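So the structure is just underneath, and the comments pick up after that.
The values are calculated or read from the model by the stated rules, or taken from the named source; none is laboratory data. Every value quoted in this text rests on a predicted model; they were computed, and no experiment measured them. In this analysis, Cβ positions are derived from the backbone assuming ideal geometry, glycine residues included, and neighbour counts consider all displayed protein chains. In case anyone asks, the SASA skips ligands and DNA or RNA and just uses the protein heavy atoms, side chains included. Shrake-Rupley method; radii C 1.70, N 1.55, O 1.52, S 1.80 Å.
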Amino acid sequence: MNHPREPAASTVVPMWVGGKPQAASSKRAGEVTNPATGRVARKVSFCNAADVDAAVKSAQRAFPAWRDTPALRRARILMKFRELLEAHREELARLVTEEHGKTLADAAGSVQRGIEVVEFAMGIPHLVKGEHSEEVGTSVDTHSLRQPLGVCAGITPFNFPVMVPLWMFPMALACGNAFLLKPSEKDPSASVRMAEMLRKAGLPDGVFNVVHGDKECVDAILGHYGIHAVSFVGSTPIAKYIYETCARNGKRVQALGGAKNHAVVLPDADLEFAADALIGAGYGSAGERCMAISAVVAVGAAGDPLVALLKKKAQAIRIGPGDRDGVDMGPLVTGPHRNKVASYIDIGLKEGATLVVDGRGHRVKGHEEGFFLGTTLFDHVTPAMAVYRDEIFGPVLIVLRADTLEEAIALVNRNPYANGVAIFTESGGAARRFENEVGVGMVGVNVPIPVPVAFYSFGGWKNSLFGDLHVHGTESVKFYTRTKTVTTRWPHQDTPAPGFNMPTLG
């Protein structure tokens, strides 16, 4: 018997091509599992190169008319899309919870953060304005244009099946591009639902398309001559592969990779406030966030009292199905991922870290087949340990010790990841020094997860980002457009005739 909220396991999530759902020509398929029950909720067709080609050709046919649609009209379609997202926010959140496992409140919050990017994209008439200079030479004017690239693609992760796609395609569409979305095969349903909403909002058929699959589908996207830019969020090894492959194929690319986000806690911090913040940032969404705090650096006298608070709060977290009232943390996305995260607890013990809270034995009554793991807390971790070096992507929070702020900054800067970082202190001077000296792309001061608002751009440094431009905000406008500069002369009787020399100002 199926779980009450689950459709029949025979349901197949389709492609979305040319403004309607379509079955993939490939016979391969994947299983979409409800992490809280461990049961297969539906299947998803895996697209092959022919399926990707059909979606790209649909986008290519739709692109010229969409490119030539005035930016204000494109913005109005996005306004209607935003209204539909708001009206169906609970539905989208339930889809996220059903296929990913995070709590409904967390899922709804992620949907809202995506909607905020749509709101930013609605201002596209202002954002794509060019520049103009009069009389750069005798009777010569110069102006610049921002024009769309063509067909763009987004490859998005399992942990935010609504928010991350909304970080990409609204800005690409607003700029006049057609778009091909490849969501995670683990939780694909929300992407097709958003495609339906775009069509209802008035987006012309073919401008937005959805394909599904694994590496075969991804490689077809990376190698397709008709795709001009690729946006990606996922693990660092895959981000590097996508960046290198796109570069070889002449595509523009932004590939956001993994993270090992630190939070530095100084002795002068409000430790109760800091502990509450770290608990939410470390264990929220079962730690399956690229901006999760996974490494706490306790400075000096902050160490022992902070660990005592973290232990108490970690043990009090309520774990269960994401759609159950009063639950703080849901399951992990799949059984293999749950097992991989649990294996790091064994590794941490073998390496000599102090296990303060052990989540390996946690069970949820009535959901014994779900992919649950309890909260885990390690103390006295060193940078040489695998639990520090690797991105675990689960509810495992580690604590390192440092004697001074200088030592803490040096520790953070030695890490190969540089996505997000936070400091907890009541000293403005310490915070100012930290934000200036730390080599990380997004910094929080008494803010544990410093994800920028929609009108700023999101992205890290070092092995957390491959490419120059970040997602959403003004940098996304630069990513999804290219600049054309036009120099104009309208000759009259006094205009000097062109000569053989290089033209100069004057």
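Observations on the model:
- Qualifying residue in the range 322-345 (condition: in a loop (DSSP other than H, G, I, E, B), open to solvent by 10 Å² or more (accessible area, probe 1.4 Å) and more than 28 Å from GLU185 (Cβ to Cβ)): yes
Here is a yes/no grid of residues against (1) acidic (Asp, Glu); (2) modelled with pLDDT of 95 or more:
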site: MET1; (1), (2): no, no
site: GLU6; (1), (2): yes, no
site: VAL12; (1), (2): no, no
site: TRP16; (1), (2): no, yes
site: GLY19; (1), (2): no, yes
site: LYS27; (1), (2): no, no
site: CYS47; (1), (2): no, yes
site: VAL52; (1), (2): no, yes
site: GLN60; (1), (2): no, yes
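- Residue pairs meeting the criteria (Cβ under 8 Å; at least 6 apart or on separate chains; first more than 12 Å from LEU405 (Cα to Cα), in the range 424-443; second among the aromatic types (Phe, Trp, Tyr)): GLY439/TRP461; VAL440/TRP461; GLY441/TRP461; MET442/PHE458; VAL443/PHE434
- Residue within the range 66-87 that is among the hydroxyl-bearing types (Ser, Thr, Tyr) and under 20 Å from GLY202 (Cα atoms) present: yes
Yes or no, residue by residue, for (1) in contact with a Lys or Arg (Cβ under 7 Å, 6 or more places away or on another chain); (2) closer than 14 Å to LEU465 by Cα; (3) not acidic (Asp, Glu):
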{"position": "VAL207", "(1), (2), (3)": "no, no, yes"}
{"position": "LYS215", "(1), (2), (3)": "no, no, yes"}
{"position": "ASP219", "(1), (2), (3)": "no, no, no"}
{"position": "SER235", "(1), (2), (3)": "no, yes, yes"}
{"position": "ALA247", "(1), (2), (3)": "no, no, yes"}
{"position": "GLN254", "(1), (2), (3)": "no, yes, yes"}
{"position": "GLY258", "(1), (2), (3)": "no, yes, yes"}
{"position": "LEU266", "(1), (2), (3)": "no, no, yes"}
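- The residues on offer are LEU349, LEU310, and the sole one that is of a type in the set (A, V, I, L, M, F, W, C) and farther than 23 Å from GLY420 by Cα is LEU349.
- Long-range neighbours under 8 Å by Cβ, at least six apart or interchain, first residue basic (Lys, Arg) within the range 489-506, second at pLDDT below 70: ARG489/THR495
- Considering the range 374-420, and only residues there that are of a type in the set (Asp, Glu) and touching a helix residue (DSSP H, G or I) at 6+ places or on another chain (Cβ under 8 Å), the residue that is surrounded by the fewest Cβ atoms within 10 Å (Cβ to Cβ) turns out to be ASP403.
Residues are listed down the side, and each one gets a yes or a no for (1) farther than 27 Å from VAL412 by Cβ; (2) of a type in the set (S, T, N, Q); (3) in contact with a Ser or Thr (Cβ under 6 Å, 6 or more places away or on another chain):
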{"position": "CYS290", "(1), (2), (3)": "no, no, no"}
{"position": "PRO331", "(1), (2), (3)": "yes, no, no"}
{"position": "THR334", "(1), (2), (3)": "yes, yes, no"}
{"position": "VAL364", "(1), (2), (3)": "yes, no, no"}
{"position": "PHE378", "(1), (2), (3)": "no, no, no"}
{"position": "ARG389", "(1), (2), (3)": "no, no, no"}
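- Test result for PHE371, open to solvent by less than 10 Å² (accessible area, probe 1.4 Å) and at pLDDT 95 or above: no
- Residue pairs meeting the criteria (Cβ under 8 Å; at least 6 apart or on separate chains; first of a type in the set (A, V, I, L, M), in the range 104-123; second surrounded by 24 or more Cβ atoms within 10 Å (Cβ to Cβ) and assigned to a loop (DSSP other than H, G, I, E, B)): LEU104/GLY322; ALA107/VAL162; ALA107/GLY322; VAL111/VAL162; VAL117/HIS472
- Single residue of the range 346-368 satisfying the filter (more than 20 Å from LYS312 (Cβ to Cβ) and β-branched (Val, Ile, Thr)) that is least open to solvent (accessible area, probe 1.4 Å): VAL364
- Some residue of the range 454-476 being touching a Cys at 6+ places or on another chain (Cβ under 7 Å) and modelled with pLDDT of 95 or more: no
- GLU435 vs. criteria under 19 Å from VAL296 (Cβ atoms) and in contact with a strand residue (DSSP E or B) (Cβ under 6 Å, 6 or more places away or on another chain): yes
- A single member of GLY257, GLY280 is open to solvent by less than 20 Å² (accessible area, probe 1.4 Å) and under 19 Å from the mean Cα position of the chain (by Cα), and it is GLY257.
- Residues located in the range 449-467, provided they are farther than 14 Å from VAL233 by Cα, in a loop (DSSP other than H, G, I, E, B) and open to solvent by 30 Å² or more (accessible area, probe 1.4 Å): ILE449, VAL451, VAL453, PHE455, TYR456
- Of residues in the range 43-71 being under 22 Å from ALA153 (Cα atoms) and charged (D, E, K, R), the one least open to solvent (accessible area, probe 1.4 Å): ASP51
- Within the range 124-173, the residues that satisfy the criterion of being farther than 26 Å from ARG193 by Cα and polar (S, T, N, Q) are SER133, THR138, SER139, THR142, SER144, GLN147.
- Applying the condition of being in contact with an Asp or Glu (Cβ under 6 Å, 6 or more places away or on another chain) and without any contact (Cβ under 8 Å) to a residue 60 or more places away in the chain to the range 11-42 and asking which residue is least open to solvent (accessible area, probe 1.4 Å) yields ALA41.
- Any hit, the range 432-444, residues being touching a Pro at 6+ places or on another chain (Cβ under 8 Å), part of a strand (DSSP E or B) and surrounded by fewer than 19 Cβ atoms within 10 Å (Cβ to Cβ): yes
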